[in-house]
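**Student:** Quick one: the structure is below, questions incoming.
Throughout, read-outs are computed from the coordinates displayed, never taken from laboratory work. It should be emphasised that the depicted structure is a prediction, and the values quoted were computed from it without experimental measurement. Virtual Cβ from ideal backbone geometry, glycine too; neighbours counted across all protein chains shown.
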């Protein structure tokens, strides 16, 4: 029996799915009874390349990833690679998963499971420093990045760049848009971490993703546009939990004086320019 067939056989043992496929050379697709893809991965020699992980009727994304790691260990593969392109799609909008996770915890979903880039230390320092930013801090950092005059009023900037340019102001929307403009101060002094956690727990986890009828979701799309400029994250990741632990231990430092060391590193990373399916 070929190695791929052995892996396919073991995959069938792990996943409670009635549908399996092999495609091209070295590829395996697991689908649920509704023909929805749960996971798709390739085997190149001793490397696994995860192409897709989706929540299915019978299994969560976390459970699927856990089973892929079992395959990795059983067949003594040397590495697992992936490109983090996870998004949540709603009505008239979409949300990038890694940005939401980083803004709420400092780590992406894949980071938490041991997948990191070759610049993880720099990413962690920068992204952790953003968590306690207020929305005001967050927007002002973005304004500096794009060289908006600091004499510009923050409210005027948000009105122009977010509401008017992104959504327009039709007669039918005029009252709604004005309500959103008037609510700007409510958001400015809340931490970006708390706002993001509220969005995830109230809307994302409950499947309530209507950006047309829920103003706060429209606000949040604006914050994610800003986050693309302030968050550091290389989306090509490799499974390396031991190095992840070492980097985190290094950043945290010893119990005495660890906080001071971390603050110094965070101040420096604020100078860096950055750029940048549901699990």
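**Student:** Once the Cβ-Cβ distance between residue 73 and residue 236 is put in as r, and R0 is 22 Å, what FRET efficiency do you end up with, to the nearest 0.05?
**Tutor:** 0.50
**Student:** Moving to a separate point now. For the residues 128, 108, what sequence is obtained by ranking on other C-beta atoms within 10 Å, fewest first?
**Tutor:** Lowest count first: 128, 108.
**Student:** What FRET efficiency, computed as 1/(1 + (r/R0)^6) with R0 = 45 Å and r the Cβ-Cβ distance, is obtained for residue 12 and residue 248, rounded to the nearest 0.05?
**Tutor:** 0.80
**Student:** Sort 133, 75 so that the residue with the fewest other Cβ atoms within 10 Å of its own Cβ comes first and the one with the most comes last.
**Tutor:** Placing the least packed residue first, the sequence is 75, 133.
**Student:** Kindly rank 196-209, 224-237, 85-98 from highest to lowest mean number of other beta carbons found within 10 Å of each residue.
**Tutor:** Per-residue Cβ counts within 10 Å, averaged per peptide and sorted highest first, yield 224-237, 85-98, 196-209.
**Student:** Then there is this: Which length gain, in nm to one decimal place, applies between residue 212 and residue 145 when the Cα-Cα distance is subtracted from 0.36 nm times their residue separation?
**Tutor:** That pair, residue 212 and residue 145, stretches by 21.2 nm at full extension.
**Student:** First check a/c for segment 12-150, with a ≥ b ≥ c the square roots of the eigenvalues of its C-alpha gyration tensor; if it is under 1.5, answer rounded, and if not, answer prolate when a/b is larger than b/c or oblate otherwise.
**Tutor:** Note, shape of segment 12-150 comes out prolate.
**Student:** Something else: Show me the three semi-axes of the equivalent ellipsoid for segment 27-94, from the C-alpha gyration tensor (sqrt of 5 times each eigenvalue), largest first, rounded to whole Å.
**Tutor:** 24, 14, 10
**Student:** Got a sec? How would 83, 113, 242 order by Cβ neighbour count within 10 Å, fewest to most?
**Tutor:** 242, 83, 113
**Student:** With labels modelled as points extended 7 Å from the Cα through the Cβ direction, what inter-label distance (nm, one decimal) is found for residue 91 paired with residue 46?
**Tutor:** 5.2 nm
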